[in-house]
1. Would you mind ranking 331, 50 by Cβ crowding within 10 Å, fewest neighbours first?
2. Can you give me the Rg/Rh ratio for region 168-263, using Cα atoms for both radii and the Kirkwood formula for Rh?
3. Any chance you could give the angle, 0 to 90 degrees and rounded to 10, that helix 189-201 forms with the longest Cα principal axis of the chain?
4. Report the dimensions of region 21-142 along its three principal axes from the alpha-carbon atoms, largest first, rounded to Å.
5. What is the list of residues in region 301-317 whose amide nitrogen lies under 13 Å from a point 7 angstrom out from the Cα of residue 233, following Cα to Cβ?
6. Let me know the Rg and Dmax you get for region 2-211 when you use only its Cα atoms, in Å.
7. Between 0 and 90 degrees, rounded to the nearest ten: what's the tilt of helix 345-357 against the longest Cα principal axis of the chain?
8. Treat the count of other C-beta atoms within 10 Å as a stand-in for reagent exposure and order 32, 202 from fewest to most.
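Values quoted throughout were computed directly from the atomic coordinates according to the rules given, and no laboratory measurement underlies them. This is a predicted model, so every value here is computed, not measured. A quick note on method: Cβ atoms are made from the backbone with ideal geometry, for glycine too, and the neighbour counts reach across all protein chains shown.
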Amino acid sequence: MLIAPHPDDEALACSVILQKAVRAGAAIRIVYVTNGDDNPWPQRAVERRWRLSASDRKRWGELRCTESLAALRILDIHPADVQFLGLPDQGLTDLLLRDCDSALTRLTQVIDDWSPTDILAPSLFDIHPDHNAVAVMMRLIFADFLAPGVSQWNYLVHGRSPAFFDRAAELSPSEVETATKRDAIRRHQTQSKLSRRRFLRYATRPERFLRVERESAVWCDGAVHSVSRTRDNLDVDLRFSANPFRMQRNKFFILGRDSLGRKRACQIRLPGCSADLEMLDCATNHSIGIARYRGHPFAGEFTLPLHLFSPIHDLFIKVDRRSWFFDEAGWIEIPGVPSLAKVPLSVIYAEAHSLAVR
C-alpha cells in the first residue's frame, strides 16, 4: 500500500518499487490523501487566470487525479486499485494540530480493510508540510491501531535531510525502469508546466526507503540542534539559519498524547531574544503554560513543561519556518520514556483505542 499526500508523489518517489511489485505479482493499493487541488501557481500558469474560486480548485484537483490514474496505468496499476480521500490540500498540518481524529479514523479504516503487509508512506523529514504531517499521522496510527507484522517504509520527495538519506536503503533502477518512470512523471502535465526539469530529475536518481522502527535515539534536523526529555520537561537547543524569508515567522509545535491517549498539541511563537513564552493549545488557542526561552535571533534554548503529555507516548516537535510551500525541516520524533510509567503500555493503548472508537 502506497500512501501518497498528492497526485504525482507516486511517480516521483515510488515508480521503480511499484514496477518491481507489479512484476512480482504483489497486490497493490494506492491511497491519495489529498486531490492536490490547492496548487495555485501551476493552475494560474496553465489556465492564465489569477483569481481561483472554490470550483476552479475542485476542477483542478479532479484533473490532477486523472493525471495520477494515467501515470499509474504506465506502471500497470489499474483505477480499481486506487482510492482518493480528498483531505485538505496544503492544510494537513493544521488538521494534524487541531482535529485529525476523523482523518486518523479514515486512514486506519482504509489500512484495516485492505490489510497490507507493507506500507510506503512519507518521511517525517520531508520538507513539504503536507508530507511530514501525513508521516506523523501514520506514526500515530501505527502506535495505537495496527497489528504487528505490518512493515512501514518511508520515502522522501522534498529535501535532502541527512537524517533520512544517511540511513535509507537505495533502490537503483534499470534502464527500462528509469524510462518507464520518466514516462509516468510526464503524465503529470499540470505539474510539469513550471517544474518540468525538476520533475524529470527524479527519474535519474535512485529511490530510497527507510524502514520505520522503534527509535531509541532522537534524529535532529533543521533548526533543532539537540533535545533532552525527562518526565516533566523538554529541553530544546535551537540554531537558526540566517534566511530572511524564514526569520519572519518562527513557531514551535509539539504534539503528543495525554495519559488517556488523547491527542494534544500546542504551539509557541519564538521571539528574537530571551523571554517567557506562552504555550497555546492548538485546538482552543487557550494558554496552557509558560516556557522560558533564552537566546537571540540566531540561536536559543528553552524548557517546556510536559504536564499535558504522557511520558510513555512519543512526542513530535517541529520548528515552523515555512517559506512558500516548504518547511525548513520536518517533524522530529522523541521517544517516550516507558520506565517512568506506572501503567502498562497495553492498558494505555487499549484505553486510547476505546476512546477513539467512541
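1. On the way: 331 28, 50 7.
The order, fewest Cβ neighbours first, is 50, 331.
2. On the way: Rg = 20.3 Å, Rh = 18.2 Å.
My calculation puts Rg/Rh at 1.12.
3. The angle comes out at about 80 degrees.
4. Taking the Cα atoms of region 21-142, the three principal extents are 45, 37, 24 Å.
5. 301-307
6. Here Rg and the maximum Cα pair distance are 16.4, 50 Å.
7. For 345-357 against the chain, the angle is about 60 degrees.
8. Details: 32 25, 202 17.
Listed from fewest to most nearby Cβ atoms, that is 202, 32.
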